[in-house]
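A quick write-up on the structure given underneath.
FYI, it's all coordinate maths here, none of it is from the lab. Here the structure is a predicted model, which is why all the values come from computation and not from measurement. Here Cβ is always computed from backbone atoms with ideal geometry, including for glycine, and neighbour counts include all displayed protein chains.
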Amino acid sequence: MRRRDFIALAAGALAWPIAARAEEISRVHRILWLSTASGADPFLDGFREGLRAQGYVEGRNVVLQSHYAPGDPQGLRAIVRELKAGDVDLVVSSGAATRAMSAVTEIPVLFAQSGDPVALGIVKSLAQPGTNFTGTTFLSLELAGKRVELLKDIFPKLRRLAVLSNNDHPGEPSEWNATRQAALALDIDPLYIPFFGPREFDAALATVAEARADAMLAFPEPVTLVNRTRVAQFAASQRLPSMFGWSEYCDAGGLLSYGANQRATYFLLARYADRILRGEKPAELPVVQPEKFELAVNLKTAKLFGEELDLSSILFRASKVLE
């Protein structure tokens with residue numbers, strides 16, 4: 001079901017000529033983009049490109065408004081409380097903003113969620129959302145184990161792995177359990193270093209520094225994403241080879257990442273936006289999971305570790321190499 005729906009979502013984006021789509025979109029639709037990103041959300045451009053591929057032209061047949069509240073969930077909730085059916089046709093919640101939207105029931109909400117939307121309580125199941133929410137989730141327990149394996153491949157001496165984990169993240173217990181099992185199977189001692197939201201983030205980094213780990217893995221989620229440059233610099237300063245979930249972390253200086261291409265996923269998410277704006281119900285549109293993943297390597301960061309790392313086993317598999 002998930003694979004078929006994701007392929008259909010991708011194929012559907014190219015099914016009709018753009019000109020034909022533009023002609024069929026006869027009214028101006030209003031879309032609100034909510035994000036907790038600091039400054040412009042890096043994934044908004046991907047969604048905009050996807051809308052254009054569906055025949056939407058900003059200012060002509062769609063108005064896309066954005067609202068940012070970095071580190072301010074109360075600010076988002078204030079916006080949400082003021083939302084009424086008819087004010088906007090669709091809300092797109094990026095990352096952690098989805099949690100603030102959970103009280104909205106009358107307006108369709110499209111999300112890209114790094115955690116488990118079922119655990120968050122916004123859908124009844126991935127196959128049958130049954131609510132006004134749908135979208136995509138990046139959570140994959142298979143990826144959790146694969147990230148540990150890749151880190152072990154390039155750093156055979158790895159014995160103690162610090163796992164930086166936000167336990168305010170839906171689905172986090174399952175992700176930690178999958179990571180723990182993968183580490184133990186490779187004779188690695190996983191050091192669980194949890195934090196609860198942004199306020200405990202500094203203390204968590206201090207705990208990592210004291211843990212005497214050989215390497216660090218940070219789960220992909222909004223707090224570490226917003227602080228990706230800081231986390232990458234911290235890992236380098238502590239001489240910890242680092243593994244992350246998305247290539248944006250490597251762009252910021254992280255050593256390795258393995259996961260879905262978020263920008264491409266937001267591009268495809270615009271297809272769901274089009275279907276909802278044309279009258280389909282989110283309750284009947286399955287939550288999809290990407291099944292194509294990219295491995296990113298930052299060679300500049302790798303040079304900091306010299307001969308401690310052996311990249312020969314993964315460079316030929318890398319989708320993105322930063323020099």
Would you give the gap between the C-alpha center of region 177-213 and the C-alpha center of region 221-251, rounded to a whole Å? 14
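How far, in nm, would the chain grow between residue 84 and residue 239 when pulled straight, counting 0.36 nm per residue and subtracting the alpha carbon separation? Don't skip to the end; give the middle numbers.
Numbers: separation 155, 0.36 × 155 = 55.80 nm, distance 5.06 nm.
Value of the extension gain: 50.7 nm.
Please report the net charge: other residues with Cβ closer than 10 Å to the Cβ of residue 129, K and R +1, D and E -1.
Details: positive: 124, 281; negative: 284.
Summing Lys/Arg as +1 and Asp/Glu as -1 gives +1.
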Give me the dipole magnitude in Debye, nearest 20, for region 123-274 about the Cα centre, with unit charges on the beta carbon: positive for Lys and Arg, negative for Asp and Glu. 180
Positive-end residue of 231, 186, 145, charge dipole of the chain with Cβ unit charges: 145
Env charge @ residue 158, Cβ radius under 14 Å, K,R +1 / D,E -1, value 0
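Could you work out how much longer the chain between residue 167 and residue 322 gets when fully extended? Use 0.36 nm per residue separation minus the Cα distance between them, nm to one decimal.
Contour length minus Cα-Cα distance gives 52.7 nm.
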What number does the chain give for Rg over Rh if you use C-alpha atoms and the Kirkwood radius? 0.99
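Could you rank the peptides 276-288, 99-111 by their average count of other C-beta atoms within 10 Å per residue, with the highest value first? Present the calculation step by step, with values, prior to reporting the outcome.
Details: 276-288: 17.5, 99-111: 19.8.
Those peptides, ordered most packed to least, come out 99-111, 276-288.
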In a shell of Cβ-Cβ distance under 13 Å around residue 215, excluding residue 215 itself, what net charge do Lys and Arg (+1) and Asp and Glu (-1) give? +2
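For the pair residue 202 and residue 102, what calculated FRET efficiency results from E = 1/(1 + (r/R0)^6), where r is the Cβ-Cβ distance and R0 = 35 Å, to the nearest 0.05?
On the way: r = 27 Å, r/R0 = 0.78.
My answer for the efficiency is 0.80.
Need the full-extension length gain, residue 49 to residue 210, defined as separation in residues times 0.36 nm minus the C-alpha distance. One decimal, nm.
Numbers: separation 161, 0.36 × 161 = 57.96 nm, distance 4.43 nm.
Stretched out fully, the residue 49 to residue 210 stretch lengthens by 53.5 nm.
Of the peptides 260-271, 179-190, 302-313, 232-243, how do they stack up when ordered by the mean number of other Cβ atoms within 10 Å, highest first?
Values: 260-271: 22.2, 179-190: 17.1, 302-313: 13.3, 232-243: 20.2.
The densest-packed peptide leads the list: 260-271, 232-243, 179-190, 302-313.
Cβ neighbours within 10 Å, averaged per peptide: list 131-144, 113-126 in order, most packed at the top. Each step should come with its number before you reach the end.
Working: 131-144: 21.9, 113-126: 20.4.
Result, highest mean Cβ count within 10 Å first: 131-144, 113-126.
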Compute the acute angle (0 to 90°) between the alpha-carbon long axis of helix 201-210 and the principal axis of greatest extent of the alpha-carbon atoms of the chain; round to the nearest 10°. 20
Given the rule -39500 (n - 2.57) for each run of at least 4 DSSP H residues, summed and divided by the residues of the chain, what is its mean residue ellipticity at 222 nm, to the nearest 500 deg cm²/dmol? -11000 deg cm²/dmol
